[in-house]
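Have a look at the structure below before the remarks.
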Amino acid sequence: MDNLNKIHGNQQSCVLSKSSISLVKDAEEQNMNIVEVDNSRTVLKKIATLYAERLMNDICLVVNNIEYPAHRLILCASSDVFEIMLMSPQWSESQENRVTLRETPPCSAIFSEFLRYFYTGQIRISYNIVLSMLTLADKYNVQDLILLCLKYMRDHIPTAAVKGTLISWLQYSINCGHYKITNACHNFVKWNIELVASTDDFANIELEVLVSLLQQSNLVVQDEMTLYKCIESWLYHQSKKLKTYLPSADYDLAIKQIVFSVMLPIRFPMMTPRQLAELLLSPLTQRYKEFFVERMAIGMSFHSGQNDRIQEILSTEATSNLLFEPRLYTAETYSSLLTVENFHNLLSYHTRTFVFSSLSNLADCASDRTSEWIVDLYPKGVWFKKFFLIVWQGTVEMPEHVIRSVRLSLTCKEFSNNFNSDLRVKIGVLIYGLQDEVEHVARVQEIIHRFNKNERVLNLDDILPFEELNPQHDSMNSNSRISKYLVGPNKDTLKFHIIISPINPYL
């Protein structure tokens, strides 16, 4: 009997197994005929129609006396802020069908586009409205729109600078904690201060931000006098603003404090004696004569070699050592402009050589103040040919070697003290780029180095990412060969500024 049960059980198992196999085969056959259909665009169009034709709305947003019929479901799904406002019982708006929102005039002007994005996922952004759109996205915590606005800003910083909105972007990103955009905007201002200062928007830079900028040694500017004139222009606009709402006595005190704050970081010793003399005729100097004469006297003491006076200043002022530290000056006495034209036709491993001279001593009292430099630029890699090295054991064959690097080789040909001591210099390499048809300093490398008679050559590798300057050719995309670091009408010119200045002698 037990054997019969076992046989019967085995028969049932076989039947079940055959049934399972049949089901699996049916499922496989069905899967072979499955086609996944994406009709999301049609669904989005239906949702967009609800907004466009104002159908079935259950709430009305009022902005600057303009009514925007909307749907609670869409608002809550798109914005955390709207979700809390319209769904939490403790908020009075959750019980109302009509909600008034307070927005600034620029935000009110684009509110319809902002709301339409909730329904369509589509939006048009330009340099003149992106800040207002980001303000709304931040206020209502629309994360995807925030990312879109920040990406647009990151990709169009040069346009913002030329159009006069970059400082506003910088100020807003600082206040709202968008640190990546803050850093990108700050670098652009720092490396292109003369371009930014020529726009009306420069007047909007806040005092604390400007002072922080002026304290930096990697600020790129023609010379210190040029920077002084930029600040003088900024002060003119601040003066006009203060006069509109401050009484005379309060205005005098306020503008005086501002002048002293922004002029303290100006490095008067880095101006030439002739430039310092010209400042005596400035209306600003005449108005605050005691302050400016004291700062200019420090500069004259430096140029006349009064080291005792300089040491006294260094011991009394906390940040006075910065007064004797050159910035990245693009004047001919410190730098040379290097250009490589017809870059696309340049052969691999080709070298371009330049020769120039720069100051080896900042003080005007120095008798011999120039150093000679040889610059070898390898924009398309470095190739070491096969050679034989003679050693005491015999001759060793060294194979050829290729380095995929954008290299700048700097040789100190001669400097004023004839190699009797080391020459410590600050080297700055400014690399220009083209974005939105705006040529600007796009990248800066800075290094402190010591040259002497035994070490006369400095090799700087990867001053640009090799692949970014020399992108691989893609036959499907002709634009893939164009690097953002190539400028000129045909985008075929590599442009560098190399700056070599003596290091602060009092460090």
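Taking amide H atoms as placed 1.01 Å from N in the peptide plane, list the residues 5 or more away in sequence, or in a different chain, whose amide H sits under 5 Å from that of L338.
F496, H497, I498
Would you list E325, E312 from the most to the least accessible area, probe 1.4 Å?
So the residues, ranked largest to smallest area, are E312, E325.
Compute the signed sum of charges (Lys and Arg +1, Asp and Glu -1) over the other residues within less than 13 Å, Cβ to Cβ, of R98.
-3
Short version: ³J(HN,Hα) in whole Hz for each residue of the range 445-454, in order, from phi by Karplus 6.51 cos²θ - 1.76 cosθ + 1.60 (θ = phi - 60°), x for Gly and Pro, what are they?
10, 9, 8, 9, 9, 10, 9, 8, 5, 8
Which percent of the accessible area of the range 127-180 is formed by carbon and sulfur heavy atoms (probe 1.4 angstrom)?
Carbon and sulfur together cover 57 percent of it.
Are there GluC sites (Glu not before Pro) in the range 53-124 that DSSP marks as loop and that have at most 12 other Cβ atoms within 10 Å, and which are they?
The qualifying sites are E53, E96.
Which GluC sites (Glu not before Pro) does the range 438-469 hold that lie in a coil by DSSP with at most 11 other beta carbons within 10 Å?
Within the range 438-469, the qualifying GluC sites (Glu not before Pro) (loop, at most 11 other Cβ atoms within 10 Å) are E455.
Select from the range 56-118 those chymotrypsin sites (Phe, Trp or Tyr not before Pro) which occupy a DSSP coil region and have at most 14 other Cβ atoms within 10 Å, ordered by residue number.
Counting only loop positions with at most 14 other Cβ atoms within 10 Å, the chymotrypsin sites (Phe, Trp or Tyr not before Pro) in the range 56-118 are W91.
Per residue of the range 404-413, in order, report the coupling 6.51 cos²θ - 1.76 cosθ + 1.60 (Karplus, θ = phi - 60°) as ³J(HN,Hα) in whole Hz, putting x for Gly and Pro.
7, 8, 8, 10, 10, 9, 10, 10, 7, 6
Quick one: what are the phi-derived ³J(HN,Hα) couplings along the range 500-505, Karplus 6.51/-1.76/1.60 with θ = phi - 60°, whole Hz, x for glycine and proline?
Those phi angles translate into 10, 10, x, 6, 3, x Hz.
The values are calculated or read from the model by the stated rules, or taken from the named source; none is laboratory data. Because the structure is a prediction, the values reported are computed rather than measured. FYI the Cβ positions are ideal-geometry reconstructions off the backbone, even for glycines, and counts take in every protein chain you see. Just so you know, the surface numbers come from the protein's heavy atoms only, side chains and all, with ligands and any DNA or RNA stripped out. Shrake-Rupley method; radii C 1.70, N 1.55, O 1.52, S 1.80 Å.
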